[in-house]
Each structure stands twice: as structure tokens, then as C-alpha cells.
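The values are calculated or read from the model by the stated rules, or taken from the named source; none is laboratory data. Just so it is clear, the structure is predicted and the values come from calculations on it, not from any experiment. Methodologically, a virtual Cβ is constructed for each residue, glycine included, from the backbone with ideal geometry; neighbour enumeration extends over all protein chains shown.
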Amino acid sequence: MTNIWTKLRAQPWIWSFIAMIAVWLATIAFTGGQGAGEILTAALSFATFTIIIGLGQMMVITTGPGNVDLSIPATITLAGVVATKVMDTDNARLLIGILAALGASFVVGLFNYGLIRLLRIPPIIATLSSSFLILSTAISYGRGIRIKPPPMLADFATTRILGVPLLAIFVLALSIGIALLIKRTLYGRTVLAIGQNPRAARLAGLNVDLTRFATYLLSALLAGVTGIVLSGFSGGAALNMGEGFLLASIAVVVIGGTSVAGGRANVPGIWGAALFIYLLDTMLNTFGASAGIRLIMTGVIIIAVITIAGGDRQQR
Amino acid sequence: MTALALNRKTLRALLPLASLALVLAATFYAQPRTMSYFGLNLMLQYAVPIALATIAQMFIITVNDLDLSIGPFVGLVGCIGATYLHDTPVLGILALLLCIGAYAAMAALIHLRNLPSIVVTLGASFIWLGIAVMILPSPGGKAPDWLKAIMSLQVPLIPFPIIAALLIALLVHIGLMTSSYGVIMRGTGGNPRAMARAGWSELKTKMVMYGLAGFFGVLSGLSLIGLTTSADAHIADRYTLYAIAGVILGGGEFVGGRVSPFGAVIGALTLALAGSFLIFMRISPDWQIGAQGAILIIVLALRALISAGEARR
């Protein structure tokens, strides 16, 4: 028994799951066991969006210190607006809409890496500046009108099978795919190598530039996917739909046990952390806390979790 | 060769000033009536709180961290200023001191547990916003009269915001760039391990730098409500981005303790002016944010061009 616990405790993702279960138990203790399953189902639905962008952000952060994608919220908005506008509530135009939205996200990724590589702008500033441009493009293109998603997209985003959201199953498949990508492919291994030591990776003959390029593209595309499904889920794209996802994307990566110094990624932790963040919000709502208290508690608990989970002890 | 090298270096140092001059010239061209004492006063008054927030961010960047909470923090200070500081000054001052202390405590937490500053400050931004919402649930409050008096000061010949901005830059320059303790603080950004081996506590340096950032954040919030005369929890949400952009526009580097107080203030002035310029140019409100992003990218591209020349030598 102690052996299992020692092994578990060494897993970087364990803290996010402990935090998640603690928050869930506190919530059902308060309601007296009512709606325990419902809360989990809702959490699975809402957390899926955070998980998708979290996976992209995780890959970016894993490529080493200073790498972070701050343009994710703006890209979500742009993709959502492009998708719903091109689809124009028509099922027949679903595929064109998805392609258009992913195309826009592709351009975002291209632009981000162009700024980083060609202009040598630090990624934080590069993605921040480009997020302004992306948001303006979305505002100007979307003109603030909320267009309903086509029925098929809305169904896909909201269907549940035996209480489990269909979307969550797709995101599970996506997560397994990303985990295999990291563990089994040249690309994934290169990302880890760059995160651990970019010089050594380059000297070992790995294609550092191409890998980093692919990583920023991946992050933008995953943000695009989030934008598409989120607009299906919430009945249309809105210009503020990306709000709140900036903290969420970074927080789930860090709480989930991925090394901020780069070189170590952790997919299961993203799930635990995303569910934790949503359940935390549910718990504070259930307790009937005021808006101010909810904000304070969110901040305090996020800081507390990363303090307990610890920073990087193995930093070079 | 040396002459050329010197040229590149001066060019790089002059870039922030050149961007400011360019935006200023463009503004004058778009709206000649701004070329007056009152015009400049009006356009630049909000540059003072932005410049102070930028200086706060600069202190954090000096020690290789990044503060994503300065905007909500300035908003919180504004709320305290328009309520407690106005009604019960002693309590207000105590609350503001507590805020500065909280910043220093944040530094201790980040250093001792080796946590990423981005996440801790992002979490802290929720705390500041939450407290601000509790103090002032809806926009309102009253700024103390002495604050309003300071911010509406009329100085002959040169508009007050310009004098204030230069004064801020000069004070910080003396403290950070010329004093021996300033060298230690910048050295901690350059090579923390070397400074620690030389016997300077990194913990102490970081706490001092975060404390100074908190202090300038307080000044920023107070000067802001001196202008707006009332407060709101969300009054300064954009300042986080302004402050980072200001430091970078001013020639600051992200790592290595390479910062410039004058540059940071000039960067803040450029950003404040850019807002007015975009309005005068009748650029659609949709593209206001985008245009600011574009300005940032253009300046950084120019800098990269100069640096690329430097590297090629």
C-alpha cells in the first residue's frame, strides 16, 4: 500500500487529481450528495475546451523557458467567428466552415512563429502583439453579431452518451493521440529535447526550427478547434468567447505537473487540472459566495495548488 | 569598425525616442491643434499612470520575472484610494502599505518555492480584482481632493504630464542605474547565481524589487483616480498589457536585467499618444487594439533589424 502511494506521489499529475477530488467531495458534502453525477457531467463538458487548448499550450511551454502562447484566447474568438459566419447556420456548409476556421488558425500560427523566428521577438511579446491583431480581425469580421451554429455542430458539441459528453470522448482520443505523439514520434521527442537543452538538440542534428514552428502551429490549430466546438456548444460565436481562457490555458499546464522550465510534458495532469478549475468554480457557486469572494478564492487556491505541487526542483 | 559599432548602439538606444517623435509628429500632422500646451496636456495626462505602471513592470522584468497582475493591482489601489483613503486616510494608507507588502510576499513565495512568476501573478490578479470588487461593487467613490489637485497642476510653459514623466524617469534612473544597490539588483537579473555567490541574497533582492513594483503600482493607481476622480475595479485592466509593451518599446530586454527607466517612460508616452493618434486618424474602433499591436511589432522589427546588423559585424 505504502509502495503504491510512494509511486503515485512521484507522478507529477497526482496533485491535480487530488485537488479535483477534494473540491468535488466538498461540493457534494455541502449539497448532501445531491447532483454528484450531474456536477461531474457538467464539469466534463466545460473542461473539454480547457483541455484542448491546454494540450496546445503544454506543447509550447515544453519547448523551453520563455515559450508561451498568449494568442490562444484571440485565436479561439477568430476561429469561432469565422466558423459560424462561413457556416451561416447551414449544415451543408459545415465542412467549409471548419476548413475556413482551421485555415485562419493556421495563418495565426504561421504569423506567430514568423514574428518569433524572423523578427527574433520573445514569444510572450510576439504572441501578445499578434493577439491584438487577431482580435481586431475577429471584431471587424464578426461585427458583433451572434450567428447560431448549424444544428449538426450544436448537436455534436452537446450530445451525451450515458451521461458522458460525446465531446469528452473525442477529447480523450485527442489526448491519447498527443501523448503518443510526445512519447513515440520523432517530433515529440524533439520537443522534449529542445525543452531540456536547445543547444544540445541542435548539435545532435535535430531540426529545432521546424519543430518549434510545428509546435506553434499545433497550438494555434487546437485553439481553432476549441473556437469551433465552443461556438457550437454555446449557441454561437461571441467576441468575448476567448476571455478567461488565458489563465486557464497556462494554469492547467502548470497545475497539471508539466515543467515550466520545459522538457517535461504531462497529458493526464491537464485533465485533472481542467476538471479541478471547473469544479472549483462550481463549488464556490454552490456555497453561494459573492463575485468578489469567488475571484479571491480562485486566485488563492490556484496559487496554493502550485505552491504545494511545487516548482521545479530539478531546475538546472 | 568601432565607429560603426557605436553607431548601431546609439541607433538602438535612440529607437524608443525616435518612435515617440514619429508618433508625435504623426499626431501633430493629423490634428495640428494638438500642437499646443493644452493639446499636449490633454493627450498626455493619462501617460502619467501608464508610465508609473510601466516602471513597476520594469522592476519585475529586471529580475527576469513578468507581472501579469499589475493592471488589476492598479485597479485595486484606485478602489482603495476612492474609498478608504478619502473617508479614513489612516486606514487608507495602511491598506496601501499592505498592498505593497503583498507584492513583497509574492516575491518571497515565487523565490522560495521556485514557482513561475507568470502563474503566481496571474493567480494574484484574481485576488486583487476580487478585493477591488468587494470594496467597490459598482463604479463610484471619490478621489481625495489633494490627489485631484496634484494631477490637475498647471505648470507654466511645459505641460505637467511631461514634467512628471521626466521626473519619474530621472528618479528611477538615479536609483536603479547609478546607485551601487541598483547594480546589485540588475546583476540579479543578469546572473542570479553569481550574485548569490558574491553574498547578495537573491530572496532579499527579489522582495525589494517586487516591493518597489508594488510602490509604483500604488502611485499609478493614485494618479489614475486623481484624473478620473472616481474608481472602478476594472478601471486599469488594460494596464497589464500597456506596462509590458511600454517596457519593451523602451528598449528593455526580457532577460538579463537589461532595462532602461527613461526608455520605459518614453515607451509609455508612445503608447498613450498612439491611442490619441488612432482616434485622430479616424481608424475604426474595431482596429484600435490591432493598430497598437501593429505599432509594437513594427518597433520590434526595427530593433531586430538593427541588432541583426550588429550581429553580422
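Is there a residue in segment B:166-180 that is under 14 Å from B:Val48 (Cβ atoms), of a type outside the set (D, E, K, R) and without any contact (Cβ under 8 Å) to a residue 24 or more places away in the chain?
For segment B:166-180, residues under 14 Å from B:Val48 (Cβ atoms), of a type outside the set (D, E, K, R) and without any contact (Cβ under 8 Å) to a residue 24 or more places away in the chain: present.
Quick one: which residue in A:Val86, A:Val108 is surrounded by 15 or more Cβ atoms within 10 Å (Cβ to Cβ) and at pLDDT below 95? Can you show your working first?
Working: A:Val108 fails: at pLDDT below 95.
Answer to the check: A:Val86.
Are there helices (runs of 4 or more DSSP H) fully within segment A:241-316 with at least 3 residues that are under 17 Å from A:Thr27 (Cα atoms) and more than 13 Å from chain B (Cβ to nearest Cβ)? List them.
Correct list: A:267-286.
Determine whether A:Gly66 is surrounded by fewer than 17 Cβ atoms within 10 Å (Cβ to Cβ) and over 19 Å from the mean Cα position of the chain (by Cα).
Working: surrounded by fewer than 17 Cβ atoms within 10 Å (Cβ to Cβ): yes; over 19 Å from the mean Cα position of the chain (by Cα): no.
No, not satisfied.
Based on what the data block shows, is B:Leu96 more than 14 Å from every other protein chain (Cβ to nearest Cβ), surrounded by 15 or more Cβ atoms within 10 Å (Cβ to Cβ), modelled with pLDDT under 95 and in a helix (DSSP H, G or I)?
no
Do the conditions hold for B:Leu271, that is, is it modelled with pLDDT of 80 or more, within 14 Å of chain A (Cβ to nearest Cβ) and surrounded by fewer than 20 Cβ atoms within 10 Å (Cβ to Cβ)?
Values: modelled with pLDDT of 80 or more: yes; within 14 Å of chain A (Cβ to nearest Cβ): yes; surrounded by fewer than 20 Cβ atoms within 10 Å (Cβ to Cβ): no.
Considered against the rule, which asks whether it is modelled with pLDDT of 80 or more, within 14 Å of chain A (Cβ to nearest Cβ) and surrounded by fewer than 20 Cβ atoms within 10 Å (Cβ to Cβ), B:Leu271 comes out as no.
Does segment A:250-262 contain at least one residue that is surrounded by fewer than 21 Cβ atoms within 10 Å (Cβ to Cβ) and touching a residue at least 24 places away in the same chain (Cβ under 8 Å)?
Looking for residues that are surrounded by fewer than 21 Cβ atoms within 10 Å (Cβ to Cβ) and touching a residue at least 24 places away in the same chain (Cβ under 8 Å), one finds at least one in segment A:250-262, hence yes.
Of the conditions (1) more than 12 Å from chain B (Cβ to nearest Cβ); (2) buried (at least 24 other Cβ atoms within 10 Å of the Cβ); (3) more than 17 Å from A:Val225 (Cα to Cα); (4) not acidic (Asp, Glu), A:Ala36 clears all except one; give me its number.
(2)
Within segment B:147-161, does at least one residue satisfy the condition of being within 14 Å of another protein chain (Cβ to nearest Cβ), part of a loop (DSSP other than H, G, I, E, B) and hydroxyl-bearing (Ser, Thr, Tyr)?
no
I need a count of the residues in segment B:241-255 that are within 12 Å of another protein chain (Cβ to nearest Cβ) and not in a helix (DSSP H, G or I). Quick ask: steps written out before the conclusion?
Going residue by residue through segment B:241-255, those that are within 12 Å of another protein chain (Cβ to nearest Cβ) are B:241-249, B:252-255.
Then drop every residue that is not not in a helix (DSSP H, G or I), which leaves B:252-255.
Counting residues in segment B:241-255 that are within 12 Å of another protein chain (Cβ to nearest Cβ) and not in a helix (DSSP H, G or I) gives 4.
Take the residues in segment B:18-60 that are part of a helix (DSSP H, G or I), aromatic (Phe, Trp, Tyr) and in contact with a Leu (Cβ under 9 Å, 6 or more places away or on another chain), then tell me which one is nearest to B:Ile248 (Cα to Cα).
B:Phe59
Hey, B:Arg258 hits all of (1) more than 16 Å from the chain's Cα centre (by Cα); (2) more than 10 Å from chain A (Cβ to nearest Cβ); (3) basic (Lys, Arg) but one; which does it fall short on?
(1)
Is it true that some residue in segment B:264-275 is polar (S, T, N, Q), part of a helix (DSSP H, G or I) and closer than 25 Å to A:Ile116 by Cβ?
Looking through segment B:264-275, at least one residue is polar (S, T, N, Q), part of a helix (DSSP H, G or I) and closer than 25 Å to A:Ile116 by Cβ.
If A:Gly64 meets every condition in (1) at positive phi; (2) more than 14 Å from every other protein chain (Cβ to nearest Cβ) apart from one, which number is that one?
Every condition holds for A:Gly64 apart from (2).
Please work out which one of (1) within 14 Å of another protein chain (Cβ to nearest Cβ); (2) of a type outside the set (Asp, Glu); (3) in a helix (DSSP H, G or I) is the condition B:Ala233 fails and give its number.
Unmet for B:Ala233, out of (1) within 14 Å of another protein chain (Cβ to nearest Cβ); (2) of a type outside the set (Asp, Glu); (3) in a helix (DSSP H, G or I): (3).
Within the group A:Phe287, A:Phe276, A:Phe245, which residue is out of contact with any strand residue (DSSP E or B) (no Cβ under 8 Å at 6 or more places or on another chain), farther than 27 Å from A:Pro123 by Cα and crowded, with 21+ Cβ neighbours inside 10 Å?
Answer to the selection: A:Phe276.
One line per residue, one yes/no per condition, for (1) of a type outside the set (A, V, I, L, M); (2) more than 7 Å from chain A (Cβ to nearest Cβ); (3) within 15 Å of B:Met209 (Cβ to Cβ); (4) surrounded by fewer than 23 Cβ atoms within 10 Å (Cβ to Cβ):
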site	(1), (2), (3), (4)
B:Leu109	no, no, yes, yes
B:Asn114	yes, no, no, yes
B:Ile127	no, no, no, no
B:Gly130	yes, no, no, no
B:Val133	no, no, no, no
B:Leu136	no, yes, no, no
B:Asp145	yes, yes, no, yes
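Please name all residue pairs, on different chains or six or more residues apart, with Cβ atoms under 7 Å, provided the first residue is in segment A:176-203 and is at pLDDT below 95 and the second residue is among the charged types (D, E, K, R).
Filtered contacts from segment A:176-203: A:Ile194/A:Arg212.
Report yes if B:Leu227 is part of a helix (DSSP H, G or I), touching a residue at least 12 places away in the same chain (Cβ under 8 Å), surrounded by fewer than 19 Cβ atoms within 10 Å (Cβ to Cβ) and away from chain A (no Cβ under 14 Å), otherwise no.
yes
Could we say that B:Ile163 is of a type in the set (Val, Ile, Thr) and within 22 Å of B:Gly71 (Cα to Cα) here?
So B:Ile163 does not fit the description; no.
Taking the condition within 14 Å of chain B (Cβ to nearest Cβ) and part of a helix (DSSP H, G or I), does A:Thr84 pass?
Answer is no for this residue.
If you take just the helices (runs of 4 or more DSSP H) that sit entirely in segment A:104-192, which of them hold at least 2 residues that are more than 14 Å from every other protein chain (Cβ to nearest Cβ)? Working first, answer last.
On the way: elements: A:123-142, A:151-158, A:166-184.
Fully inside segment A:104-192 and qualifying: A:151-158, A:166-184.
Scan segment A:137-149 residue by residue and report those that are surrounded by 18 or more Cβ atoms within 10 Å (Cβ to Cβ) and either among the hydrophobic types (A, V, I, L, M, F, W, C) or in contact with an Asp or Glu (Cβ under 6 Å, 6 or more places away or on another chain) (or both).
Matches in segment A:137-149: A:Ala138, A:Ile139, A:Ile147.
Looking at B:Leu76, B:Leu15, which one is surrounded by 17 or more Cβ atoms within 10 Å (Cβ to Cβ), at pLDDT below 85, part of a helix (DSSP H, G or I) and more than 14 Å from the chain's Cα centre (by Cα)?
B:Leu15
Within segment B:246-257, is even one residue modelled with pLDDT under 80 and of a type in the set (D, E, K, R)?
Within segment B:246-257, one or more residues are modelled with pLDDT under 80 and of a type in the set (D, E, K, R).
Can you spot a residue in segment A:217-237 that is out of contact with any Leu (no Cβ under 9 Å at 6 or more places or on another chain), over 30 Å from B:Thr121 (Cβ atoms), in a helix (DSSP H, G or I) and not acidic (Asp, Glu)?
Within segment A:217-237 (the criterion being out of contact with any Leu (no Cβ under 9 Å at 6 or more places or on another chain), over 30 Å from B:Thr121 (Cβ atoms), in a helix (DSSP H, G or I) and not acidic (Asp, Glu)), the answer is no, since none of the residues qualifies.
Can you tell me which condition B:Ile297 does not meet? The list is (1) closer than 24 Å to B:Ser117 by Cβ; (2) at the interface with chain A (Cβ under 9 Å from one of its Cβ atoms); (3) of a type outside the set (D, E, K, R), and all the others hold.
(1)
Looking at B:Arg282, B:Arg193, B:Arg238, which is the one that is within 14 Å of chain A (Cβ to nearest Cβ) and over 30 Å from B:Val133 (Cβ atoms)? So that I can check it myself, show each step before the final result.
Working: B:Arg282 fails: within 14 Å of chain A (Cβ to nearest Cβ); B:Arg238 fails: over 30 Å from B:Val133 (Cβ atoms).
That would be B:Arg193, the only listed residue that is within 14 Å of chain A (Cβ to nearest Cβ) and over 30 Å from B:Val133 (Cβ atoms).
Test B:Leu85 against the stated conditions and say whether it is surrounded by 16 or more Cβ atoms within 10 Å (Cβ to Cβ), part of a helix (DSSP H, G or I) and at pLDDT 90 or above.
Numbers: surrounded by 16 or more Cβ atoms within 10 Å (Cβ to Cβ): yes; part of a helix (DSSP H, G or I): yes; at pLDDT 90 or above: yes.
Spelling it out, B:Leu85 is indeed surrounded by 16 or more Cβ atoms within 10 Å (Cβ to Cβ), part of a helix (DSSP H, G or I) and at pLDDT 90 or above.
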